[in-house]
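Let me begin by presenting the structure, written as structure tokens, before commenting on it.
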Number of protein chains: 2
Amino acid sequence: MANSDEGQGATIYEVAQRAGVSIATVSRALRNTGPVSAGTREKVLRAVEELSFTPSRLGVSLAQGRHAANGIVFPDLSGPYFAEVLLGYEEVASELGRSVLILSTRGRAAVQDLVRDLVGRVDGMVIFGRTVEDAVVDEIVRSRTPLVLLARAPVERADAVCSENTASAEALTAHLLGHGYSTFAMAGDDDGGDVTQRWTGVRRVLSDHGIRPPEPLPCEFTVEGGYEAGRTLLAGKAGKAGKAGRAGKAGGAGRAGGAGRPQAVICADDQVALGVILAAEELGLDVPGDVAVTGWDDIMAARHARPALTTVRQPMRLLGASAARALDELIRGTRTVPKSEILPTQLIVRSSCGPHPLEEK
Amino acid sequence: MANSDEGQGATIYEVAQRAGVSIATVSRALRNTGPVSAGTREKVLRAVEELSFTPSRLGVSLAQGRHAANGIVFPDLSGPYFAEVLLGYEEVASELGRSVLILSTRGRAAVQDLVRDLVGRVDGMVIFGRTVEDAVVDEIVRSRTPLVLLARAPVERADAVCSENTASAEALTAHLLGHGYSTFAMAGDDDGGDVTQRWTGVRRVLSDHGIRPPEPLPCEFTVEGGYEAGRTLLAGKAGKAGKAGRAGKAGGAGRAGGAGRPQAVICADDQVALGVILAAEELGLDVPGDVAVTGWDDIMAARHARPALTTVRQPMRLLGASAARALDELIRGTRTVPKSEILPTQLIVRSSCGPHPLEEK
DNA sequence: TTGTACGCGTTATCAA
DNA sequence: TTGATAACGCGTACAA
């Protein structure tokens, strides 16, 4: 009866009493932080066992002045991208002995307060993309909380981890030009982060080839969002809004594919691309025969889609893992100068961008 | 200069000193937990502002004896299912003023220790499916840590939340029988949880109609896993292993679709079903013309797949949200008797199971 | 209305 | 080798 009550809240004092020693000795015996005679250790361990004592995390943290926990704030988990990054992060953090606290900002009103609370619970933070305002980032930096920015423009005194965007966007665009396409659309609005960098690369290459870059069509970064965008971009008419209309008129060789329909749709990510392909099929268009489509990320569905998606592979797991490692260095003080890490990406050419002799390994 | 050093570690003592009051008054002023004169409050708030004081979470938690945090342990985040549940959980937990600590068990060796550590950091736990052994669950229950089992068989003195499986599996199977199919395959091994319940329903209905239920073909619950399973199940020959061979021979009217190829493949979840469809296409089989395929969960891709997937909709967000609410009741002591909640599911008939006059709303 | 003092559960310092 | 005791930062009876 008493037995079933044990095992929940034994303190170090009870252990000490039961073992007939002081709490200092118990602590030393458990943490190997000082000399303890064999016999005493034996007694202590027995008492620990009998009481099934586990040191209170709060007590340990308070005394050590550390949480042994990291936080991460991300926008959403819909789609494989954030989930993969989160998994990579949690895995490494766990290896390094740190728990992970999460905060999703999707549809949250008082993000600032939630982030502040989170900061108070951890030894270091990862902030994903543009989930919080610059002011909050500044606040965290000033609080001397180790901070890693993930896929977000670097700031002073914080680490940054992201994957390469602009150069691979240029390579992607050049590849499409190599297919002979001359009219383009971009699906997915600037986000001030990764996507903006991608569009920068696309725009640069198009401009260099005398093609006026189109305005990106805003859409949610989901399959459904891509589907909506696809319906708009690929409809028989030249889009519905003024913006699309003008783009069709002002763009490069705009008449090649019919009334303003682009020959290639460059999508902000794979999910959007999958949505665009669905829309194309529904409109009776062949991909890539009537319109080429490209994605970004190389999620698993990209390989299995029909047609298989030409995309840019992003090391999602590694992004999370790298952030966890960088944060660990910052927390332990192994490194004091901030670093900015850019992970390499890889152009993956499959069939959604058109016929070609190359084969994916 | 001194200014930039402030803002990180001010304690309640410094605030009290600056405001010329005692720490008790500071605490009262901040927490509205006792009478404080207007003037005094003013002084305190100013001092708080100047020092940008934030009460230490550790101090608060230690004094209050609560973490204001929940834990959740799940197997993986690949695929939308777990991610959606996690989002629903985090959202509600956050609304209820609790942080969320996560632990993924995928590929982890010392799960037990990680779970124990987690338990020490939270006021309550959610355990997803069969991520941890029964012994660990027992340990948590005995430690009097409020516990909610998610999609796992209930145990004494812990809550359980899951979605209805068996009845909807029966409905799904009956629907397939209505299409006239008589040879079946099941993709995805028993997991001792949800899937086992689904197979129970399938088996019951098949047996009731004089059809010997097939052995489920084990596979990973991913698109790739489903693809592998599909290649095995739909190959021209009657599978490769003895098991499949026997099933083809012993099953119902096994010759209808060729050398043992089933007329319908019932998949453990949507991802598996998508993989099976890919395999079918690659083998030149038409879905549902040559073989019907069904999934489970109704992830977003199920609606967008071609053919659109007949499946059973599971309220993923709600699963997480309900677990968070149940856990909250347990933690606050609002409810002391355990409850077992079964969320309703819904058969979603689309085109992957064959032609029919019904239309999805 | 305010202040004193204790408790929360550790770790770690310093004497013994 | 061991023990008494001071932090750690806060909440809150209880006394004033």
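The numbers here are math on the coordinates, done by the rules we state, and not lab data. What you see is a predicted model; the values in this text were computed from it and never measured. Positions of Cβ are backbone-derived with ideal geometry, glycine not excepted, and every protein chain shown enters the neighbour counts.
Farthest toward the positive end of the dipole of the protein assembly as shown, out of A:24, A:229, A:295, is the Cα of A:24, where the dipole comes from beta carbon charges about the Cα centre. Take residue A:63, push a point 7 Å out from Cα through the beta-carbon direction, and compare it with the same point in every other copy: 2.1 nm, smallest first. Ranked from largest, the principal axis spans of the Cα set of chain A equal 91, 42, 39 Å. For segment A:185-195, putting each phi into the Karplus relation 6.51 cos²θ - 1.76 cosθ + 1.60 with θ = phi - 60° gives couplings of 9, 10, 10, x, 6, 3, 10, x, x, 3, 4 Hz, in residue order, rounded to whole numbers and with x for Gly and Pro. Per-residue mean of foreign Cβ neighbours for A:95-104 is 5 (Cβ atoms of other chains, 10 Å radius). Nearest 5 percent is fine: what portion of the DSSP beta bridges confined to chain A is antiparallel? Beta bridges within chain A, antiparallel portion: roughly 10 percent.
Please compute, for peptide B:47-58, the average count of beta-carbon atoms on other protein chains lying within 10 Å of each residue's beta-carbon. Taking all residues of B:47-58 together, the mean is 3. Residues whose amide H falls under 5 Å from that of residue B:150, counting only those 5 or more places apart or on a different chain, are B:127, B:128, B:129, B:161, with hydrogens built in the peptide plane. About its Cα centre, segment A:4-63 has a charge dipole of approximately 300 debye under the convention of +1 per Lys or Arg Cβ and -1 per Asp or Glu Cβ, with nothing else charged. Note on chain A: GNM, Cα springs under 10 Å; of A:100, A:337, A:115, the largest mean-square fluctuation is that of A:337. Going toward the positive end of the dipole of the protein assembly as shown, with +1 on Lys and Arg Cβ and -1 on Asp and Glu Cβ, which of A:263, B:213, A:44 do you reach last? Going by the Cα projections, it comes out as A:44. Plainly put, the tip 7 Å out from Cα toward Cβ on residue B:281 is 0.5 nm from that tip on each other copy, the closest given first. Assuming charge only on the beta carbon of Lys and Arg (+1) and of Asp and Glu (-1), the dipole of chain A about its Cα centre is about 540 debye to the nearest 20.
Label-point spacing for residue B:339 across the identical copies (point 7 Å from Cα in the Cβ direction), in nm and ascending order: 5.1.
Residues considered: B:81, B:13, B:181. Largest GNM mean-square fluctuation over chain B, using C-alpha springs under 10 Å, is found at B:13.
Below 11 angstrom from the Cβ of residue A:61, what's the summed charge of the other residues (Lys, Arg +1; Asp, Glu -1)?
Residues close to residue A:61 contribute a combined charge of +4.
With semi-axes defined as the square roots of five times the eigenvalues of the C-alpha gyration tensor, the equivalent ellipsoid of segment A:4-63 measures 18, 15, 8 Å, largest first. Computed from point charges on the beta carbon alone (+1 for Lys and Arg, -1 for Asp and Glu), the dipole magnitude for the protein assembly as shown about its Cα centre is near 420 Debye.
Name the residue, out of A:48, A:161, A:195, whose mean-square fluctuation peaks in a Gaussian network model built on chain A with Cα pairs under 10 Å. Of A:48, A:161, A:195, the most mobile in the Gaussian network model is A:48. Each residue in A:33, A:311, B:232 was given a count of other beta-carbon atoms within 10 angstrom of its own, and listing them fewest first yields A:33, B:232, A:311. Counted by Cβ distance under 11 Å from residue B:330, the other residues give a net charge of +2, where Lys and Arg count +1 and Asp and Glu count -1. Counting lysine pairs in the protein assembly as shown whose alpha carbons fall under 17 angstrom apart, excluding pairs fewer than 8 residues apart on the same chain, gives 4.
Helical content of chain B, expressed as a calculated mean residue ellipticity at 222 nm, amounts to -13500 deg cm²/dmol (DSSP H runs of 4 or more residues, -39,500 (n - 2.57) each, divided by residue number, nearest 500).
Projecting the Cα atoms of B:35, B:63, B:107 onto the dipole axis of segment B:1-144, where Lys and Arg carry +1 and Asp and Glu carry -1 at the beta carbon, places B:35 farthest toward the positive end.
Across chain A, the mean sequence separation of Cα contacts (distance under 8 Å, 6 or more residues apart), normalised by length, yields a relative contact order of 17 percent. Compared with the rule-of-thumb size 2.2 N^0.38 Å for a compact globular protein, the protein assembly as shown has a Cα radius of gyration ratio of 1.08. Within 10 Å of the Cβ of each residue in B:62-69, the mean number of Cβ atoms contributed by other protein chains is 2.
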